[in-house]
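Single-structure report; data block below.
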Amino acid sequence: MSELRIVVVGYGLIGRQRAAALANIDGAVLVAIVDPGFDGASDMSGVPHYQTLGEIQPDDFDAAVIAVPHDLAAGLASAVLQSGRPVLVEKPLGPTAAEARKLEQLASRVSRPSFVGYNYRFLPAVSELAQAVASGSLGTLRNLDLLVGHGGHPDSAEGWKLDPERAGGGVLLDPGVHLLDLLTCLSPEARCTAITATRGFWRTGVEEDLVAIFRADRMIATVRVSHVRWINTFRIEAFGEDGYAIADGRGGNYGAMTLRIGRRWAWARPGVAGQRESEALFDYGTDNQSLAMELQSVVDVWRSAAQRTAIPRPATMAEARAVAELCEQLYEQMT
Ligand SMILES: NC(=O)c1ccc[n+]([C@@H]2O[C@H](COP(=O)([O-])OP(=O)(O)OC[C@H]3O[C@@H](n4cnc5c(N)ncnc54)[C@H](O)[C@@H]3O)[C@@H](O)[C@H]2O)c1
């Protein structure tokens, strides 16, 4: 089978990483970049550059990666889907649940499946933790704590990401949806019992610091998202009745990715110095390859037409639509 011809629409922070990843992805080739804010003069790749998606004929590509501001993503993704091509669209899938449902519906008419960029699934510490939970090796899950925090930079409020009109919301929507996606994967039955958020530091009106509590039978979970934590932090703690897994770091300035796996009362075993000493510790370093791994996985599905079932696998339109619906419900519940 010939290589899939991919267009990257939006050549900013994430589009550039997706495009760069394509150089090393089996079975796909970057054929064009679309970005009105990029003139291509500094790009030595030789890949054709366009100002608008409309300048490319649908026959000239097989699939698109959409990595643009949230208020533009649904329109561009719809245009690609209506031409019969699948998309990998960066999270969230539409700033509202209604838009997410519309995109899911459009995607269902395309022969190849579309996906949404929930690349945290592909962080090695996260995928190992998810496998431990899914295998039951931790025992009945009793608590989950998911935290992402960052402090931005002095000009953060100038861009589209903290503009509620353009972004569609505050930290719950971005980056909170990553945690909602992971929570839904780890505990599909979890339901929100309370969510509260504060605003005011960034002065754009968005919620900037929040905690949400979820329950599923005897499992309690918290989702904590903050844009006023001055050290970038990413952590998931999963405790079952038999053991636990703690993933920390996301690479880059979020620190090295590590995973600790421990057993209940391991300290009591003969010859064990203490609970921490008993843990299996994995260090995956600071190089975050999750965007590339996710894209490779998407390309594999596009080429084979077989959905992946193993963990990690890319987020389907249905899964991302469910996250969009949950996100909307949480905005209604938020105090
Ligand atoms: N998964 C992650 O870790 C992660 C991290 C950051 C952002 N994101 C997501 O990626 C997406 C893009 O975010 P970003 O950080 O790359 O934003 P960005 O602002 O860095 O880049 C967006 C790019 O889109 C371009 N653009 C604007 N209008 C366009 C149009 N009509 N056609 C084509 N391009 C257009 C802009 O010129 C800009 O270069 C968002 O959905 C965001 O939520 C994901």
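Some points to look at:
- The chain: relative contact order as a whole-number percent, Cα under 8 Å and 6+ apart: 20 percent
- Of the trypsin sites (Lys or Arg not before Pro) found in the range 121-222, the ones in coil according to DSSP and having at most 11 other Cβ atoms within 10 Å of their Cβ are ARG203, ARG218.
- Cα gyration tensor shape for the range 77-209, rounded if a/c is under 1.5, else prolate or oblate: oblate
- The chain: angle of helix 176-186 to the longest principal axis, Cα-based, in degrees nearest 10: 60 degrees
- Three-way shape call for the range 263-335 based on the alpha-carbon gyration tensor, with the a/c threshold at 1.5: oblate
- Here the Gaussian network model covers the chain, with springs between Cα atoms less than 10 Å apart; of GLY255, GLY152, GLY37, GLY37 fluctuates the most.
- Folded to 0 to 90 degrees: helix 97-107 orientation relative to the chain principal axis, Cα: 60 degrees
- Integer Hz, Karplus 6.51/-1.76/1.60 couplings in order for the range 313-326, x for Gly and Pro: 9, x, 6, 6, 4, 5, 5, 5, 5, 5, 5, 4, 5, 4
- Prolate/oblate/rounded call for the range 182-275, Cα gyration tensor, a/c under 1.5 rounded: oblate
- Taking the C-alpha atoms only, the angle from helix 124-135 to the longest principal axis of the chain is near 60 degrees.
- Share of carbon and sulfur in the accessible area of the range 119-259 stands at 50%, probe radius 1.4 Å.
- Annotation: per residue accessible area for the range 4-119 equals 42 Å², rounded to a whole number [probe 1.4 Å, protein chains only].
- Among the trypsin sites (Lys or Arg not before Pro) within the range 65-113, those in coil by DSSP and having at most 14 neighbouring Cβ atoms inside 10 Å are ARG109.
- Amide H partners (placed H, <5 Å) of PHE115, local residues excluded: VAL87, LEU88, VAL89
- Distance cut-off 19 Å, percentage of C-alpha pairs in the range 124-287 lying past it: 59 percent
- Semi-axis lengths, largest first, of the ellipsoid equivalent to the chain are 34, 23, 19 Å, with √(5λ) applied to each eigenvalue of the Cα gyration tensor.
- With the simple model of a label 7 Å out from the Cα in the direction of the Cβ, ARG218 to GLU55 spans 6.2 nm.
- Residue with peak Gaussian network fluctuation, the chain [Cα springs, cutoff 10 Å], from ALA190, ALA238, ALA324: ALA190
The values are calculated or read from the model by the stated rules, or taken from the named source; none is laboratory data. Owing to the predicted nature of the structure, the values given are computational and were not obtained by experimental measurement. Every residue, glycine among them, receives a Cβ derived from its backbone with ideal geometry; neighbour counts consider all protein chains shown. Accessible surface is based on the protein model in full, side chains and every heavy atom, while ligands, DNA and RNA are left aside. Shrake-Rupley method; radii C 1.70, N 1.55, O 1.52, S 1.80 Å.
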